[in-house]
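Report on one structure; see the data block that follows.
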Number of protein chains: 2
Amino acid sequence: MSQERTEGDLRNTGLSLKHDREWDYELDRIVSEVKERGATSVGLQFPEGLKRRGPAVVDDLRSELPDDVSVLLSGEHCYGACDLDTDLMRRTDVFVHFGHSPMKESEKIIYVPLFSNVDVFPIMEQAFDEKLDPPGEDEDVGLVTTAQHMNKFDEMREWLEDRGYTVHTRRGDERLTHEGQVLGCNYASADVDADQILYVGGGKFHPLGLAMEHPEKTVVIADPVNNSLDLADSEQFMKQRYAAVHRAMDADTWGVIFSTKIGQGRWETAQEIVESNDDAYMITMDEVTPDRLTNFGLDAYVNTACPRITTDDGPQFKQPILTPQEYRIAVGDESLEDLEFDTFHGTW
Amino acid sequence: MSQERTEGDLRNTGLSLKHDREWDYELDRIVSEVKERGATSVGLQFPEGLKRRGPAVVDDLRSELPDDVSVLLSGEHCYGACDLDTDLMRRTDVFVHFGHSPMKESEKIIYVPLFSNVDVFPIMEQAFDEKLDPPGEDEDVGLVTTAQHMNKFDEMREWLEDRGYTVHTRRGDERLTHEGQVLGCNYASADVDADQILYVGGGKFHPLGLAMEHPEKTVVIADPVNNSLDLADSEQFMKQRYAAVHRAMDADTWGVIFSTKIGQGRWETAQEIVESNDDAYMITMDEVTPDRLTNFGLDAYVNTACPRITTDDGPQFKQPILTPQEYRIAVGDESLEDLEFDTFHGTW
């Protein structure tokens, strides 16, 4: 094995990104698995924020693998483990998916989860001081985090227990790899017996979904990457959804989007709508973007793919785009008061 | 068979689009083929300009087909017969591709070419009066057109012969369905024994490629849709390409784009570059867009997919994007004087 180190070889140094996150991308494991399987082609897929590291990882693999092994990078956008580049997977003997925890195990896929090494405890300390009810008032706390901090999960739990809490955790369903893990589309692991949930992770979208899915709980957001602390407030978000539903109530024609992404397909849901509505049309696509819908000229759309497309990107679409339940509300089959966050269960 | 006519049923009226183009989308042929094959799912794919007609075509099919047949619309962008939605094709029993002539026949695919019914002769008359050398000076003229005017090709030929020309036509190669047909990526049908070529068709890109591919010929552009007449001038275009090649000469790292679109893959071309250059990385993707490349952070890109992406969309990319030959020029393997238009041959 070559002793050279290129920019992409981070076995010793870690992969330093902004916010002091470091990644170990497990070169040795990939190399040995590729050799073991006698693969002659390897596909690599990175989420957007890590694509820049792709070429250097290719360099490392080329230097460690036999000359006849070709290494290919996926140029498709990648938003999660639900979003494997199935085309590249078909074309290659081994397919390495970086940056997300496994949604479903497969012989062909090597998942490299890439954990963050940011210190989570300073912001947890602040959450303890400022936002969580003290153990004397409410000893129960639920703990959830995202894939990139899962490697710290046991330490986080102990940290809370040391301060006197009873920590409630669960593994949601088979879409989630780890106990305590949440996805942008699945918060089942927060369904625990506690009125307060501590979410440790970045971004505002995960905790918003969490708060909407569990409106009876207080959701404390401790973001160790941006060092920020907040309570999830879904009110503004709910107003946006109400507005979309109201706009869609005038729709005469509907496009029903079925995603061909491996982990985003809800065929029965889509089929049910089309079968029950003569003015609904099934539209299949990989990535769901406003420019793909515009030319159909329909009045409104129902998105059965990733719920975050509807909620986060919704305002970018010219026509109202609804979740399946919001569609049922818009056509009068359910009541607006019953509006829930759209979540995604199962794998594929 | 139902006698009802919906908006999308254009068997009698033709499909009236802007520029007075009308289409007959051959509903009867589709219905009878679907029934004959006992299909229970039908996929429809329209190019962007016709997507708006999709829902009404679905209405017609639903009214004529048994209730258990589901009809699905492709929501993927579609730029030509090279660009079949293979995912939807896999999911359906019959796949109907509208708006382009067949690139390759297949049991599963029904091609509905959709001819324009715009009158081509007024602009040909003007071309005869103002741009073509009269038959007394040069009796030889080559005639080419695009798929949408192919139904008038024989009439065009006769019209020119009536005026005293010897009309030279050929079928280019197996990528082209018809004699005299050109694609945006293939002008082989203009390789005829005539110094002047009459191109009947819309747009500026086809004739530009034509002029570059056949620089020794005069290319007269007769656009019956916009009723405009011109001579193809590739000089400005060549300057843009020279500039891209010059910018790319400083590149240390290269992304080599291999398209997974069924009719746009040039694997050997891509593979050859990656094997000969340690700083070149193979990137696979379906649609080639600037935002898919940005995150890789490479210095320059070679596009082995549709040549029009390189030439027409090139300026939208942050980094220089070159054709395979332009890459060879940039790295010093060929001379700038030899620069030719990138064309695409064969099918898949």
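The values are calculated or read from the model by the stated rules, or taken from the named source; none is laboratory data. Not measured: the values here are computed from a predicted model. Note: ideal-geometry Cβ built from the backbone for every residue, glycine included; neighbour counts use all protein chains shown.
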Residue list for the range A:28-43, restricted to those being aliphatic (A, V, I, L, M), crowded, with 19+ Cβ neighbours inside 10 Å and in contact with a helix residue (DSSP H, G or I) (Cβ under 6 Å, 6 or more places away or on another chain): A:Val42
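Do we find that B:Glu174 is modelled with pLDDT of 95 or more, among the acidic types (Asp, Glu) and either under 23 Å from B:His100 (Cα atoms) or touching a Cys at 6+ places or on another chain (Cβ under 8 Å) (or both) in this structure? Talk me through it step by step, then tell me what you get.
On the way: modelled with pLDDT of 95 or more: no; among the acidic types (Asp, Glu): yes; either under 23 Å from B:His100 (Cα atoms) or touching a Cys at 6+ places or on another chain (Cβ under 8 Å) (or both): yes.
For B:Glu174, the condition - modelled with pLDDT of 95 or more, among the acidic types (Asp, Glu) and either under 23 Å from B:His100 (Cα atoms) or touching a Cys at 6+ places or on another chain (Cβ under 8 Å) (or both) - is not met.
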If you go through the range A:105-118 one residue at a time, do you hit one that is closer than 24 Å to B:Trp267 by Cα and either more than 13 Å from chain B (Cβ to nearest Cβ) or surrounded by fewer than 17 Cβ atoms within 10 Å (Cβ to Cβ) (or both)? yes
When you go through (1) farther than 21 Å from A:Glu125 by Cβ; (2) over 19 Å from the mean Cα position of the chain (by Cα) one by one for A:Thr166, which number turns out not to apply? (1)
Do we find that A:Thr253 is hydroxyl-bearing (Ser, Thr, Tyr), surrounded by fewer than 21 Cβ atoms within 10 Å (Cβ to Cβ) and at pLDDT 95 or above in this structure? yes
Testing A:Ala270 on (1) buried (at least 19 other Cβ atoms within 10 Å of the Cβ); (2) farther than 26 Å from B:Ser41 by Cα, one condition comes back false. Which one is that? (2)
Residues being within 21 Å of the chain's Cα centre (by Cα) and charged (D, E, K, R): count how many of those fall in the range A:224-275. 5
Applying the selection to the range A:121-156, what residues are at pLDDT below 95 and of a type in the set (A, V, I, L, M)? A:Ala147, A:Met150
Unmet requirement for B:Lys217, which otherwise passes all of (1) in contact (Cβ under 8 Å) with a residue 40 or more places away in the chain; (2) surrounded by 21 or more Cβ atoms within 10 Å (Cβ to Cβ): (2)
Residues being modelled with pLDDT of 95 or more, part of a loop (DSSP other than H, G, I, E, B) and either within 14 Å of another protein chain (Cβ to nearest Cβ) or out of contact with any Asp or Glu (no Cβ under 7 Å at 6 or more places or on another chain) (or both): count how many of those fall in the range B:26-65. 4
Given the condition out of contact with any helix residue (DSSP H, G or I) (no Cβ under 9 Å at 6 or more places or on another chain), under 15 Å from B:Ala244 (Cα atoms) and of a type in the set (A, V, I, L, M), answer yes or no: does some residue in the range B:319-326 qualify? no
Can you tell me which residue is surrounded by the fewest Cβ atoms within 10 Å (Cβ to Cβ) among those in the range B:278-317 that are part of a loop (DSSP other than H, G, I, E, B) and away from chain A (no Cβ under 11 Å)? B:Phe317
Number of positions in the range A:82-97 that are more than 10 Å from chain B (Cβ to nearest Cβ), part of a loop (DSSP other than H, G, I, E, B) and within 16 Å of A:Asp286 (Cβ to Cβ): 3
When you look at B:Gly346, is it in contact with a Phe, Trp or Tyr (Cβ under 6 Å, 6 or more places away or on another chain) and either more than 19 Å from B:Gly80 (Cβ to Cβ) or outside the structural domain of B:Gly184 (by TED's automatic domain parsing) (or both), yes or no? no
Which numbered condition A:Arg170 fails, given (1) of a type outside the set (Gly, Ala, Ser); (2) crowded, with 20+ Cβ neighbours inside 10 Å; (3) closer than 19 Å to A:Thr218 by Cβ: (2)
In this structure, does A:His149 turn out to be over 18 Å from A:Asp230 (Cα atoms), under 16 Å from the mean Cα position of the chain (by Cα), in the same structural domain as A:Gln181 (by TED's automatic domain parsing) and not polar (S, T, N, Q)? yes
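Restricting to the range A:268-277, count the residues that are more than 9 Å from chain B (Cβ to nearest Cβ), assigned to a helix (DSSP H, G or I) and touching a residue at least 12 places away in the same chain (Cβ under 8 Å).
The total comes to 3.
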For the range A:286-321, give me each residue that is under 18 Å from A:Ala251 (Cα atoms) and of a type in the set (Lys, Arg). A:Lys318
How about the range A:68-95: which of its residues are touching a residue at least 60 places away in the same chain (Cβ under 8 Å) and farther than 16 Å from A:Gly263 by Cα? A:Val94
